[in-house]
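Novice: Sending over a structure as structure tokens; questions will come in a sec.
Read the figures in this text as sums done on the coordinates, not as results from a lab. Owing to the predicted nature of the structure, the values given are computational and were not obtained by experimental measurement. We place every Cβ from the backbone using ideal geometry, glycine too, and count neighbours over all the protein chains shown.
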Amino acid sequence: MENVNPKLRAVVICGLFAAITAILAQVEVPLPIVPISGQTLAVGLTATIIGSKFGAVAMICYALLGGIGLPVFAGFKGGAQVLIGPTGGYIFGFILTAYVTGLILEKTTFNLWMAMIANTVGMMITLLFGTIQLKIVLDMTWNQALAAGVYPFIAVGLIKAFLASWLGITVRKRLVQASLIHQVDHRAA
């Protein structure tokens, strides 16, 4: 894959991780307002494996694919109504989550400990965006929005942060060894 044009490689990688997010989004546990889904696990994996810029671009692609109507969001949903609906804030949050999670790792080191910190910070970003939109769209109080959009997701979010960290670091090491992605040199930053 080293002979492949770098721009084409970037497009393929971002598209692949947008597709992985769409697939994991369908792994879902329904709750009254906001379901627990594999989307956030996919966001953490994406950022941990491919970093800030490609991770954010992959999440932009994912949001755009769903926004134009493809059924890539949780529960095979798609369309702009999802993005402007009660759970759309989480999807918008995925973009900043992927960027910040990847950036923390790029500025420190790609190891399990730092990945867990980065993915936990990312989880908080996603929950913040989601809760703000949930509150606004459903005209909830902050307490109601937190009860519906944050509290049910903390424990499972930490589990997903660990899984994204462990799997992400493991996969990233293999991809770097295979020269499919590049190792980040922190001394050059």
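Novice: Counting only C-alpha contacts under 8 Å and six or more residues apart, can you give the relative contact order of the range 6-183 as a whole percent?
Specialist: Working: 290 pairs, mean separation 41.6, N = 178.
23 percent.
Novice: Distance between the C-alpha centers of the range 44-64 and the range 83-109? Whole Å please.
Specialist: The distance from the Cα centre of the range 44-64 to that of the range 83-109 comes to 8 Å.
Novice: For the residues 123, 116, what sequence is obtained by ranking on other C-beta atoms within 10 Å, fewest first?
Specialist: So the residues, fewest neighbours to most, are 116, 123.
Novice: Oh, and also: Which residue, 48, 97, 131, tops the fluctuation ranking in a GNM of the chain built on C-alpha contacts under 10 Å?
Specialist: 131
Novice: Is the C-alpha gyration tensor of the range 16-105 telling us rounded, prolate or oblate? Criteria: a/c under 1.5 is rounded; beyond that, a/b larger than b/c is prolate, otherwise oblate. Don't jump to the answer; show the numbers that get you there.
Specialist: Numbers: a/c = 1.75, a/b = 1.55, b/c = 1.14.
Judged from the Cα gyration tensor, the range 16-105 comes out prolate (a/c at least 1.5, a/b above b/c).
Novice: Sticking with this structure for a sec: Of [x] 0.92; [y] 0.98; [z] 1.02, which is the value of Rg/Rh (Cα atoms, Kirkwood Rh) derived from the coordinates here?
Specialist: Identified label for the calculated read-out: [y].
Novice: Restricting to DSSP H runs of at least four residues, report the calculated mean residue ellipticity at 222 nm for the chain, -39500 (n - 2.57) per run over all residues, nearest 500 deg cm²/dmol.
Specialist: -24000 deg cm²/dmol
Novice: Give the total of Lys-Lys pairs in the chain with Cα-Cα distances below 29 Å; include a pair only if its members are 8 or more places apart or on different chains.
Specialist: Final tally of qualifying lysine pairs is 13.
Novice: What's the ranking of 13-20, 39-46 by average number of surrounding C-beta atoms within 10 Å, highest first?
Specialist: Averaged packing, sorted descending, gives the order 39-46, 13-20.
Novice: Go ahead and set up a Gaussian network model of the chain, Cα springs under 10 Å, then flag whichever of 94, 76, 54 fluctuates most.
Specialist: 76
Novice: Okay, moving on. Return 105, 138, 127 ranked ascending by Cβ neighbour count within 10 Å, so the fewest neighbours appear first.
Specialist: Listing 105, 138, 127 from fewest to most nearby Cβ atoms yields 138, 127, 105.
Novice: Kyte-Doolittle cut-off 0.5, length cut-off 24 Å along the helix's own axis using Cα: show which whole DSSP H helices in the chain pass.
Specialist: Those that clear 24 Å and a mean of 0.5 are 6-25, 39-67, 88-107, 112-137, 154-177.
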